[in-house]
1. Of everything in the stretch 117-152 that's closer than 18 Å to PHE54 by Cα and aliphatic (A, V, I, L, M), which residue is surrounded by the fewest Cβ atoms within 10 Å (Cβ to Cβ)?
2. Based on this model, can you work out whether THR99 counts as β-branched (Val, Ile, Thr), part of a helix (DSSP H, G or I) and open to solvent by less than 40 Å² (accessible area, probe 1.4 Å)?
3. Which one is modelled with the lowest pLDDT among residues in the stretch 120-169 that are over 19 Å from ASP108 (Cβ atoms) and of a type in the set (Gly, Ala, Ser)?
Amino acid sequence: MSPKKAKKKAAEGASSNVFTIFEQAQIQEFKEAFTIMDQNRDGFIDKNDLRDTFAALGRLNVKQEEIDDMLKEAPGPVNFTVFLTMFGEKLKGADPEETILNAFKVFDPEGTGSLKKDFVTEMLTTQADRFSPEEMEQMFAAFPPDVAGNLDYKNLVYVITHGEEKDQE
């Protein structure tokens with residue numbers, strides 16, 4: 001059996017009912033994310049794809065160990081079904097606030113709790129469900145960045161999930 005067929009066979013063993021966990025629109029969004037990450041378009045996310053994805057997001061100094069650890073979470077080669085299954089397992093029982101916060105934390109490796117306004121604008125207007133200039137304006141009107149141009153994403157996530165601002169201590 002060729003390595004490609006062996007990869008395909010191993011990946012087929014992944015949970016087949018994963019497509020019932022998510023709505024069709026969500027599956028489409030995961031497919032877009034998978035396609036963005038599958039840099040070499042071979043149908044699998046590997047070490048090089050992850051490294052290239054991090055580089056595209058501005059993280060150039062990712063340790064090989066970090067990439068290896070990510071891939072070790074998968075039961076085998078990461079095709080779309082495995083990718084979707086892994087997200088399903090991660091999101092099962094996850095608090096929406098925690099889920100959204102974790103999405104922002106990917107772009108905040110130092111854990112500062114804020115991101116540059118320009119970076120947030122770039123990501124939200126060029127990736128997946130793109131924000132319009134009007135939507136960006138509305139967001140920054142509701143959540144203005146500080147004088148240094150940083151957006152407090154922890155407060156933003158709190159308001160998104162709870163509908164009101166946390167009392168500032």
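1. ALA128
2. Here the answer is no, as THR99 does not meet what is asked.
3. Across the stretch 120-169, the extreme among qualifying residues is GLY163.
The values are calculated or read from the model by the stated rules, or taken from the named source; none is laboratory data. On a predicted model such as this, the values are computed, not experimentally measured, just so you know. In this analysis, Cβ positions are derived from the backbone assuming ideal geometry, glycine residues included, and neighbour counts consider all displayed protein chains. Accessible surface is based on the protein model in full, side chains and every heavy atom, while ligands, DNA and RNA are left aside. Shrake-Rupley method; radii C 1.70, N 1.55, O 1.52, S 1.80 Å.
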